[in-house]
1. Starting from the residue with the highest accessible area, list Tyr208, Tyr276 in decreasing order, probe 1.4 Å.
2. Counting heavy atoms of the protein chains only and a 1.4 Å probe, report the per residue accessible area for the range 46-189 as a whole number of Å².
3. May I ask you to rank Lys293, Lys4, Lys132 by accessible area, largest first, using a 1.4 Å probe over the protein chains only?
4. Candidates (i) 35, 59, 6; (ii) 28, 53, 17, 1; (iii) 32, 49, 19, 1; which is the computed P(r) over Cα pairs in 20 Å bins from 0, in percent?
5. Computing the accessible area with a 1.4 Å probe over protein heavy atoms, can you report the carbon and sulfur percentage for the chain?
6. Could you tell me the relative contact order of the range 70-121? Use alpha-carbon pairs under 8 Å, at least six residues apart, and round to a whole percent.
7. Going through the range 1-75, which GluC sites (Glu not before Pro) have at most 11 other Cβ atoms within 10 Å and a DSSP loop state?
8. Which lysines have a Cα less than 27 Å from the Cα of Lys295, not counting those fewer than 8 places away in the same chain?
Amino acid sequence: MIGKICGTGSYIPSLVWDNEKLAQLVETDDEWIRERTGIARRHLIDGEETTSYMAAQAAGEALKDAGVRPEEVDLIVVATMSSQNIMPCTACEVQNVIGAVNAACFDLNAACTGFLFALNTAQAYLGQGIYKTAVVIGTESLSNMVNWEDRSTCILFGDGAGAVVLKASEDGRYSQVTYSDGSKGDVLTCSSRNQKKFEDEPRDGSTYMQMDGGEVFKFAVSKVPEAVRELLDQEQMTTEEIAYYILHQANVRIVRSVAKRLGEKAEKFPTNMEEYGNTSSASIPILLDELNKKKTFQSGDFIVLSGFGGGLTYGASLIRW
């Protein structure tokens, strides 16, 4: 028994900051950002939008796509590191908004690998027959955690949410490998929750995200191919059998480096960080939803999902569409 993806959804804030906007805040320009990251724009929450609001919108869209009523959902797992409240958890807020009255709900935090960890968690519950229908969400309001005077981080991140609906099925395939390396935790940190609006003054840099970009890059381009190879060896599959690789959308250079190390064509690694930047745990489900809406996947396609992020955490999962 596995949890088969039967619906996807996403929510993207309408407020857009392009690279020219950031050039008004820090010493940078469009060419510099594009060359180093591949990012042209990012979407940011505005007005009444919150982490849980975006999650609920993405979940509602995924349920509609799946043809599943909220009352049928018996598990909601939300991956986030930027919830607006400590209590109640974001998953419970989503439950209340969408009317999933029969669902057990909880959040988890594995930073940018969060969606994979949440997906694995839901798969374990469905695989054991404990639940039958799950909604898995990645949602982030990273604009509240970024120091908009720090050029090394503010150019990277954006806000958004993505969701999938899983239904327990005998027909399908799912497998995963996930790892954590706490000894490298200090290369990507946020020392405390900071819920100020990003326009507020004063800005105390110690409460915003801090990143050693070089170390994160080296970690990602080493560990992601390693995890993918281990996953394929475990499943006795070759790269030729994989239709697409859906990687965490952090940096286009990382994606290209992973493709090269796996000996795969760039066309098998779709990207959307050009439009959204790094949305952490939301990046994989947002990209999944985009590709699903474009009908990119064919029934039976094997797809590898892979993420990496703070913790440090990393992993890869195999699904059959």
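The values are calculated or read from the model by the stated rules, or taken from the named source; none is laboratory data. Note that the structure is predicted; figures quoted are calculated from it, not measured. A quick note on method: Cβ atoms are made from the backbone with ideal geometry, for glycine too, and the neighbour counts reach across all protein chains shown. Quick note on the areas: whole protein, heavy atoms, side chains included, nothing else; ligands and nucleic acids left out. Shrake-Rupley method; radii C 1.70, N 1.55, O 1.52, S 1.80 Å.
1. Greatest to least solvent exposure: Tyr276, Tyr208.
2. 38
3. My answer, sorted largest first, is Lys132, Lys293, Lys4.
4. Correct label, based on the coordinates given: (i).
5. Working: 6200 of 13300 Å².
After summing per-atom areas, the C and S share lands at 47 percent.
6. Once divided by the residue count of the range 70-121, the mean separation gives 48 percent.
7. Glu27, Glu48
8. Lys4, Lys64, Lys132, Lys167, Lys260, Lys265, Lys268
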